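The values are calculated or read from the model by the stated rules, or taken from the named source; none is laboratory data. Because the structure is a prediction, the values reported are computed rather than measured. Neighbour counts run over all protein chains shown; Cβ positions are idealised from the backbone, glycine included. All accessible areas refer to the heavy atoms of the entire protein, side chains included, with ligands and DNA or RNA removed. Shrake-Rupley method; radii C 1.70, N 1.55, O 1.52, S 1.80 Å.
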Amino acid sequence: MITALNNVAAMASYELADLGDPNAISLAQNESAFPISPRALSAGAEALHLATLYPDPDWRDLRHAISKVHDIPMDQVLCGAGSMELIGCLIRAFCGQGDEVLGTEFGYLFVATATQQAGASYVQAKEPDLRVDIDCLIKDVSDRTKIVFVCNPGNPTGTRVPNAEIVRLRAALPETVLLIVDQAYGEFDDQDHQPILDMVRDGRTVMLRTFSKAYGLASARAGWGYFPSDIATETRKLMNPNNISNVSQAMATAAMVDQDHMQSVVNRTAAIRTRFITRLQNAGMDVLESHTNFVLIRYPDSTAAKGADSVLRSSGIILRGMGGYGLPDCLRVTVGSSDVMTKVADILISLKETQNDK
Ligand SMILES: Cc1ncc(COP(=O)(O)O)c(C=O)c1O
């Protein structure tokens, strides 16, 4: 009999969103609601003829653009087939059997999967009130902790902690522990990110970003990270060479250069998000603050959450149930276009009013 490694046989596959009918409107995967930068679109079209060739394995144009915009050294940037690839390679490079990755109670679920892939153990620090709590993280560091993984802002909560708190976490961690700060939604978070960049420069911390959210390039599969040089060298050994296609590299490069477009997407997303949250809160619903392109709604129980989900599904709109995150009483809604969000709010508020009347 052919058997997989014990840790592989024991693990479940990573659970993706149930998107239902292909014609439905998906608000389930935190994709951007807005068109891609026109500059990225034409750069992608111009790169199509390069499909005969392998892509640049060193992502030179892309890294150059990232390094100029973020004012960081180009040779400390790695680009992944989505930031998921970087998460997986980082964890496999630094953790194995007997080691622990310390994340948070409602942290991004792929980190748990990547930890299992590495044969290591995933430990989750409490997130009281759906917020990362640095003291809870510090308390859960053990002799076996190799990586501490913090997603800021958080997915699926949408909440954030001040970067000064992350700096405090770093200061409390042993030198042998790698801190990964996943900022997949960092562009939507208006706080100063310089303290995180400074921590990377000082070593022992990695910052991850993606083109899948604010840049609207989820299908391009492009993410990047700012790494201390020694951490980058080891991580890169586990990455697939030629991991990002020519077209994707060209699109991501142009999207990074077009900061005005990205900023306008962030501003428009925030405006729709604020209107949506305010309407729901005024109707007496429990909605968390958000520093991302999605919103988490809390229902009194899982039956109410499932009920709202299925009413929206029957109207052709798909949200993300949160049972996998241990939050079966919550629904996560990606911020869609203004019209779609008005429709979602109308449906959810009228459902609530019907229930109030009962
Ligand atoms: C917190 C977080 N990190 C990382 C990712 C992975 O993004 P990608 O692989 O598309 O870059 C996601 C995707 O939803 C996410 O929510």
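Side notes on the structure shown:
- Helical segments meeting 20 Å axial Cα length and Kyte-Doolittle -0.5 threshold in the chain (DSSP H): 338-357
- Within-13-Å neighbourhood charge of Pro328 [Cβ basis; K, R +1; D, E -1]: +1
- Taking Cβ atoms as reference points and 12 Å as the exclusive limit, the residues near His193 contribute a net charge of -4, counting Lys and Arg as +1 and Asp and Glu as -1.
- Overall, the chain carries a charge dipole of about 340 debye about its Cα centre when +1 sits on the Cβ of Lys and Arg and -1 on the Cβ of Asp and Glu, all other atoms neutral.
- Note: relative contact order over the chain, using C-alpha pairs below 8 Å and six or more positions apart, is 24 percent.
- Residue order by solvent-accessible surface for Ser67, Ser264 is Ser264, Ser67, largest first, with ligands and nucleic acids left out and a 1.4 Å probe.
- For the stretch 74-217: rounded, prolate or oblate by the Cα gyration tensor [a/c cutoff 1.5]: rounded
- Computed from phi, the 3J(HN,Hα) profile of the stretch 19-27 under the Karplus parametrisation 6.51, -1.76, 1.60 (θ = phi - 60°) reads 8, x, 4, x, 8, 6, 8, 8, 10 Hz, with x in place of Gly and Pro.
- Total formal charge among the other residues, if their Cβ is under 14 angstrom from that of Val141, Lys/Arg +1 and Asp/Glu -1: 0
- Percent of beta bridges antiparallel (DSSP, the chain, rounded to nearest 5): 45
- Estimated [θ] at 222 nm from DSSP helical runs (n ≥ 4, -39500 (n - 2.57)) normalised by residues in the chain, nearest 500: -12500 deg cm²/dmol
- Amide H contacts of Thr104 (H built 1.01 Å from N, in plane; Pro and chain starts excluded): Ala125 sit under 5 Å, all sequence-distant by 5 or more or on other chains.
- Once both labels are positioned 7 Å from their Cα atoms along Cα-to-Cβ, the gap between Leu53 and Ser142 label points is 5.1 nm.
- Volume of the Cα convex hull of the chain, divided per residue and given in Å³: 153
- Surface share of carbon and sulfur [accessible, 1.4 angstrom probe, percent] for the chain: 52
- For the stretch 208-358, the Stokes-Einstein estimate of translational diffusion at 4 °C and a viscosity of 1.567 mPa s comes to 73 µm²/s, using the Kirkwood hydrodynamic radius over alpha-carbon pairs.
- Based on protein heavy atoms only, the chain ends up with 44 Å² per residue of surface accessible to a 1.4 Å probe.
- Annotation: amide H-H contacts under 5 Å for Val206 (H modelled 1.01 Å from N, sequence separation of 5 or more, or interchain): Leu179, Ile180, Val181.
- Dipole of the chain [Lys/Arg +1, Asp/Glu -1 at C-beta], most positive-end residue of Leu86, Gly186, Ala45: Ala45
- All lysines inside 29 Å of Lys213 as judged from Cα atoms, apart from same-chain residues fewer than 8 positions distant: Lys68, Lys126, Lys146, Lys237, Lys306, Lys343
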